[in-house]
Amino acid sequence: MTEARGETPRRTGMTEKCGVVGVALNGRDAARPLYYALYALQHRGQESAGIVTHDGFQQHSHVDMGLVGDVFGEGDLDVLNGSAGIGHVRYPTAGSVDSSCAQPFSVSFKSGSLGLSHNGNLVNADEIRDELAGAGHAFTSDGDTEVIAHDLARNLLEEDLVRAVKRTMQRIHGSYSLTISHDETIMGVRDPQGNRPLCIGKLEDGYILASESAAIDTLDGELVRDVRPGELVVLQEDGRGFDSYQLIEREHTAHCFFEHVYFARPDSVIDDTLVYEARRELGRTLWEESGVETDVVMPVPDSGRAFASGYADAASETSAEGEPRDENDDGVEFAEGLMKNRYVGRTFIMPTQDERERAVRLKLNPIKSTVEGKTVTLIDDSIVRGTTSTQLVQLLKDCGAEEVHMRIGAPPIVAPCYMGIDMATREELIAADKDTEEVCDAIDADSLAYLSTDGVAGVLENDRDDLCMGCVTGEYPYDIEGEETDRDVARPQLEGTALHADD
Ligand code: AMP
């Protein structure tokens, strides 16, 4: 049995699982491309949306609570002048849900105006906030993005842009993909371990930085490459190119594997891997590791679809014992057995367990003919609290399924995420204190198997040491108070640390 490790330590800063974008164009206003890009990133955050632009004289900002389509009306975009700007969509979290944390965060100070969009989570934001507050900085939110903005604003009074960013990067610890506007200059920064995605794209008349390449596709642009961990990318103001500064180098990355499993769009390319193909490959591996012969394989829509397609593909080639199928063996049938109501929000945003259960039922309805009298394998990407799988196993059985076998495209989630995914607390995670057999009993499935951590690392073609798998191992690639770390990482010592521009 997996041992539960007590209560989840208090989160420092806010969990920010978001989408960020930045655009520099040659003459044309940036507001509309930013707006379309935010639409493409809407899955990364539905709580608030915003755009900040700069027209050479002044900064313009429109930020509000709600979905992109609700936040921006035609008139709002028209007054966001300037060919340079950044945008943000923010993920709903259990923490404070108010407009003080909506982004981009913008501030004007002595040497210009600053806008900041942040995806990720700092683990030492409180320490930096205390220090800055002691030096007279006034804060308007409890978010860690404002901490970065103040620190950068202070450094910009003393240093040029690149050195100021480097100095801030040396102080903050945790995960961050940032798009920043300093007057008309647009920049992108990725934390030294590259935990959250960020990529560069070329547009017809400029350049774009975005959390996911799907945003670049939406604007008919071309993916240039990922921003490298520890790199600062500065877009040229005429939109003709970008400059790169490798400010911090680390031996290992800590790419979040869950971006590939659940969070990112399947049509995005992240760290050189097309997410859809990665999910299909994870599905194939799942069959190889724990395939079970049933009449039919079906995905939990939409999260399990690519996994189930890879799983069924592999199942058509080899038997569960790994033997090649002969001509007379039809293998396993792939079917869409559950239909999704697209107008119901994600189950996670429902604050109570009761509401979450109702939402699953509202969201998914079985197709009786594909289920009745059959043995079924149901495939999803992950089990978090166990709400979805418990409900769906019951639903399929009520619909006449003879057996329901669950197969999951990720390892058991046993620990919280501190790096930006709202994953529930340790006490809420069904696998935190139950082994696979006990979870299987709890969800009332006929069998349950998860993908192994080695299976995940093998598919993502990554050394396990280059992935962040804290939520499935309980060991984190960052120094988090009250948790174990699997790396030799230390928080920056703030007090008494003399940071020089040429460090
Ligand atoms: P649960 O019902 O709590 O076990 O959650 C598992 C379901 O939620 C799966 O269908 C996943 O696709 C989905 N899911 C996994 N992680 C998240 C997340 N961080 N936010 C929202 N949904 C998630």
*asked:* I'd like the projected area of the range 292-406, averaged over all directions, using the convex hull of its alpha carbons. Report it in nm² with one decimal.
replied: 7.3 nm²
*Between R491 and F57, what is the spin-label point distance in nm, taking each point 7 Å from the Cα along the Cα→C-beta axis?*
4.6 nm
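Less than 12 Å Cβ to Cβ from D78, Lys/Arg counted +1 and Asp/Glu -1: what total charge do the surrounding residues give? Kindly include the intermediate steps, with their values, before the conclusion.
Values: positive: R32; negative: D29, E74, D76.
Net charge around D78: -2.
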_Could you derive backbone 3J(HN,Hα) for the range 209-215 from the dihedral phi with the Karplus parameters 6.51, -1.76 and 1.60 (θ = phi - 60°), listing whole Hz in sequence and x where the residue is Gly or Pro?_
10, 8, 4, 9, 5, 4, 5
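Ordering Y476, Y35, Y276, Y343 by how much accessible area each has at a 1.4 Å probe, largest first, what is the list? Write out the running numbers ahead of the final one.
Details: Y476 5, Y35 35, Y276 90, Y343 205 Å².
Result, largest first: Y343, Y276, Y35, Y476.
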*Modelled label-to-label distance, S369 and H43, 7 Å Cα→beta-carbon offset: nm?*
3.0 nm
*Go through K17/K340; K17/K202; K340/K397 and tell me which ones have a Cα-Cα distance over 22 Å in this structure.*
K17/K340; K17/K202
*asked:* So, for the range 18-254, what is the accessible surface per residue at a probe of 1.4 Å, expressed in square angstrom?
replied: 33 Å²
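Rounded, prolate or oblate: which one fits the range 273-476, using the alpha carbon gyration tensor with axes a ≥ b ≥ c (rounded when a/c is under 1.5, else prolate when a/b beats b/c, else oblate)?
On the way: a/c = 1.72, a/b = 1.11, b/c = 1.55.
Cα axes put the range 273-476 in the oblate bin.
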*Classify the range 59-218 as rounded, prolate or oblate, taking a ≥ b ≥ c as the square roots of the eigenvalues of its Cα gyration tensor: rounded when a/c is under 1.5, otherwise prolate if a/b is larger than b/c and oblate if not.*
rounded
*Calculate what fraction, in whole %, of the accessible area of the range 18-254 sits on carbon and sulfur atoms when a 1.4 Å probe is rolled over the protein chains.*
46 percent
*Keeping all protein chains in position, work out how much accessible area D479 exposes to a 1.4 Å probe, and write it in Å² to the nearest 10.*
50 Å²
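Let me check I've understood the local charge: for D454, count other residues with C-beta under 10 angstrom from its C-beta, Lys and Arg +1, Asp and Glu -1. What total comes out? Before the final figure, lay out the partial values.
Values: positive: R464; negative: E289.
So the environment of D454 carries a net charge of 0.
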*Based on the Cβ-Cβ distance from D354 to V107, what FRET efficiency comes out when R0 is 60 Å, to the nearest 0.05?*
0.90
*asked:* In Å, what Kirkwood hydrodynamic radius results for the range 226-347 from the alpha-carbon pair distances?
replied: 17.5 Å
*Just reorder K340, K17, K363 by solvent-accessible area, largest first, 1.4 Å probe, all chains present.*
K340, K363, K17
*asked:* Tell me the accessible surface of F139 in square angstrom (1.4 angstrom probe, heavy atoms of protein chains only), to the nearest ten.
replied: 50 Å²
*Expressed in nm², what is the orientationally averaged projection area of the convex hull enclosing the Cα positions of the chain?*
23.6 nm²
*Please work out whether the range 153-242 counts as rounded, prolate or oblate from its C-alpha gyration tensor, where a ≥ b ≥ c are the square roots of the eigenvalues and a/c under 1.5 means rounded, while otherwise a/b larger than b/c means prolate and anything else oblate?*
oblate
*Report, by chain and number, residues whose modeled amide H sits under 5 Å from the one on F109, excluding near sequence neighbours (fewer than 5 apart, same chain).*
L114
*Looking at A138, V371, V332, which one has the Cα that reaches farthest to the positive end of the dipole of the chain (charges on Cβ: Lys, Arg +1; Asp, Glu -1)?*
A138
_Cut-off 20 Å, label point 7 angstrom out along Cα-to-Cβ of T436: give me the residues of the range 392-410 whose amide nitrogen falls inside._
393, 403-410
*Under 12 Å from the 7 Å Cα→Cβ point of S452, by amide nitrogen: which residues of the range 264-292?*
286, 288-290
*Using only Cα atoms, locate the centre of the range 32-74 and the centre of the range 375-437, then give the distance between them in Å, rounded to an integer.*
34 Å
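Once you keep just the Cα pairs under 8 angstrom separated by 6 or more residues, what percentage relative contact order results for the chain?
Values: 1230 pairs, mean separation 71.6, N = 503.
Answer for the chain is 14 percent.
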*Could you go through the range 233-244 in sequence order and give the Karplus-derived ³J(HN,Hα) for each residue, using 6.51 cos²θ - 1.76 cosθ + 1.60 with θ = phi - 60°, rounded to whole Hz, and x for Gly and Pro?*
10, 10, 6, 6, 5, 8, x, 8, x, 8, 10, 10
_Rough spin-label spacing in nm, given labels placed 7 Å along Cα→Cβ, for T425 and R325_ = 4.7 nm
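Lys and Arg at +1, Asp and Glu at -1: add these up for the other residues within a Cβ distance under 12 Å of S113 and post the number. Let's see the in-between values first.
On the way: positive: K110; negative: D55, D183, E184.
Here the charged neighbours net out to -2.
In nm, what is the difference between 0.36 nm times the number of residues separating A138 and N341 and their Cα-Cα distance?
On the way: separation 203, 0.36 × 203 = 73.08 nm, distance 4.56 nm.
Computed gain between A138 and N341 is 68.5 nm.
Sort S100, S83 by accessible area with a 1.4 Å probe, largest first. Working shown, then result.
Working: S100 45, S83 20 Å².
Sorted by accessible area, descending: S100, S83.
The values are calculated or read from the model by the stated rules, or taken from the named source; none is laboratory data. Just so you know, these numbers come straight off a predicted model, no measurement behind them. Cβ coordinates were reconstructed from backbone atoms using ideal geometry, including for glycine residues, and neighbour counts include every protein chain displayed. What goes into the accessible areas is simple: the full protein's heavy atoms, side chains included, and nothing from ligands, DNA or RNA. Shrake-Rupley method; radii C 1.70, N 1.55, O 1.52, S 1.80 Å.
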